[in-house]
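To keep things clear, I will list the structure first and then write my remarks on it.
The values are calculated or read from the model by the stated rules, or taken from the named source; none is laboratory data. If you're wondering where the values come from, they're calculated on a predicted model, not measured in any experiment. Quick reminder, even Gly has a Cβ in these numbers, built from the backbone with ideal geometry, and neighbours come from all protein chains shown. Ligands, DNA and RNA are stripped out before the accessible areas are found, and what is left, the full protein with its side chains, is counted by its heavy atoms. Shrake-Rupley method; radii C 1.70, N 1.55, O 1.52, S 1.80 Å.
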Amino acid sequence: MERAEVLKGCGGRVPAGATAPEFLYVGGEFCERLLPPPACLRRLKEAFPRSKLVLLTPVLSQPALESLLATLKAGAREGLPQEVCVNDPGLFRALLARGGGPRLSVGRLLAGALGVSMQHGQVRRDLLSPRVAGIEADSLETLSFLTGALRRKVHLRAPFSYLGHTRNCRFRAAGRCARQCLAGHLRLRSGIVGEMFLAGNAYLRDNAEEAARITEQVRVKRLVLERGPAKAPAGRPRPQ
Amino acid sequence: MKIICGVNGLSEAGRLAPYADELYFGVSFVENHRKWYPWQNLRTLGEAAELVSLAHGAGRKVLFAANELYPRASFSRDMRNIEKVLALGPDGVIARDMNLLGRLKRNGYGGEVCLSSTAICFNSETLDLFSGLGVSSVVLPQHLKAAEWRRVLRRRPGTRFEVFFYPDCYCPNMDGLCVYHDVNRTPEPRNCWKPYFLGGKKEFMRKPPIRERYLEFYRMARLGAERVKIARDAGVGERIRTAVFVRELADRIKKGTGASEFLRSVELDIWNGRKS
């Protein structure tokens, strides 16, 4: 099983004592303001020469899409990033149609948006393309969308699963973003799901138990771990 | 700007028709974005036939909502049901499933194909993806800002689009991606309206302030939104009151009212109890 770690912003560090993982995720899946400039990718590559850089991308507005495509074009000369984790249907289409360039993986938001339509037709054929390295799942429900050969491409997200996110960020005061969301996850209590976490503009919940069950049901291709200053709930999925 | 209004049952269609330019509906036997709200769907094919006939008799266009994702196991059955409804002659379909859109295109469907707001179309590449599947108009996601959509229109001028009436219909989280709204699988979940606690303090999932939502509606109208959508959620009386109010707002915008003046007039309307 491949091992991956999600970094928080460009200043993110792999915890002391840990060996650099095979894949390092940088960027943001919930906010386009967290997309790193090319210089940040270069810096991270220097800092973690043995890790493959995966650019984690959100749903993209037109300005963010244009800026990201420019970043990818600039990075192509240096082979950066090595993979793009895509959550926007348009970006997925654009990158898949272009050929060449970095490998792609389908982020959990895009996987959720495609849902059961991934089980057949052109959507399935696109996802089975060798260019698509994997498809993220973070719950038993998202896993249930994946059938047959797609189950060999599971990238398991842990220890949090996605509940929802907004583009009206609570951390953005007076129209300005101070990137306070990078400070870590806030613990919330909901009458609906019990304990949940506010991670920037996203609501997440502990999926340790579900992640363990996913590892029992499929051979996970990649384990993508997210860490933060806030203490994650006890229990991590058992590696195979 | 035309008003398109959701219809939940035959009895209310006749009441809504004089106030709306267009109507839309879903049926219980084709999953749509009202899965947990059974009363918001027509129950039978016969009811759908009557609604289409009633709308056309009143000179109104009518669209059919088939805006969910359809699994492989039941796709043939779902497709047959969708085709049965389309054979009744609604003027278009609201959809998001790429396989469904592809099939409609291959079958040479000639009506309007309107992309659901749940398809998260935020940029020109997504628009191209769905246009390639036969989509001819788009319902904009609620979280897409007018300033961002303007950039898409610059790239794809002439795109036909519609918006929800944001002051009334605005999800705190991004619709089409939200798991939280029905995570507990209960009828009429509305989870996003319920409070949560942060450090013991009660909070709610945030929407932009009402003033900002009116302003976004104004900006979208100025950008050329073809339709404004009044969703199926409220009672029929409330939907009629909203339709009357929205038509007045649309007329003010059409007359060239400036943004500040528009907001002042809305504040006066709210003050006078015309809108909650």
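Computed over protein heavy atoms with a 1.4 Å probe, the carbon and sulfur contribution to the accessible area of chain A reaches 51%.
Each peptide in A:77-86, B:241-250 was scored by the mean count of other Cβ atoms within 10 Å over its residues; highest first, the order is A:77-86, B:241-250. Net charge around residue A:78, counting only other residues with Cβ within less than 13 Å of its Cβ (Lys, Arg = +1; Asp, Glu = -1)? So the surrounding residues net to +4. For chain A, taking a cut-off of 4.7 Å between Cβ atoms, the unpaired cysteines are A:31, A:85, A:169, A:177, A:181.
Gyration tensor analysis over the Cα atoms of the protein assembly as shown returns equivalent ellipsoid semi-axes of 39, 26, 22 Å (largest first, whole Å). Within the set of other residues whose C-beta is less than 12 Å from the C-beta of residue B:236, count the net charge using Lys and Arg as +1 and Asp and Glu as -1. In short, +1. Taking Cβ atoms as reference points and 14 Å as the exclusive limit, the residues near residue A:107 contribute a net charge of -2, counting Lys and Arg as +1 and Asp and Glu as -1.
Mean residue ellipticity, 222 nm, helices only, chain B: the sum of -39500 (n - 2.57) across DSSP H runs of n ≥ 4, divided by residue count and rounded to 500, is -11500 deg cm²/dmol. Dipole magnitude for the protein assembly as shown: about 1200 debye, using +1 per Lys or Arg Cβ and -1 per Asp or Glu Cβ, origin at the Cα centre.
The mean number of Cβ atoms from other chains found within 10 Å of a Cβ in peptide A:60-71 is 5, as a whole number. Note on residue A:74 and residue B:80: with the Förster distance fixed at 56 Å, the Cβ-Cβ geometry gives a FRET efficiency of about 0.65. Under 22 Å of direct C-alpha separation, and excluding same-chain neighbours fewer than eight residues apart, residue B:2 reaches these lysines: B:61, B:145, B:229, B:254, B:255, B:275.
Mean partner shielding of peptide B:142-150, defined as the number of other chain Cβ atoms within 10 Å of each residue Cβ, is 3. Taking every DSSP beta bridge that has both ends in the protein assembly as shown, the antiparallel portion is near 25%.
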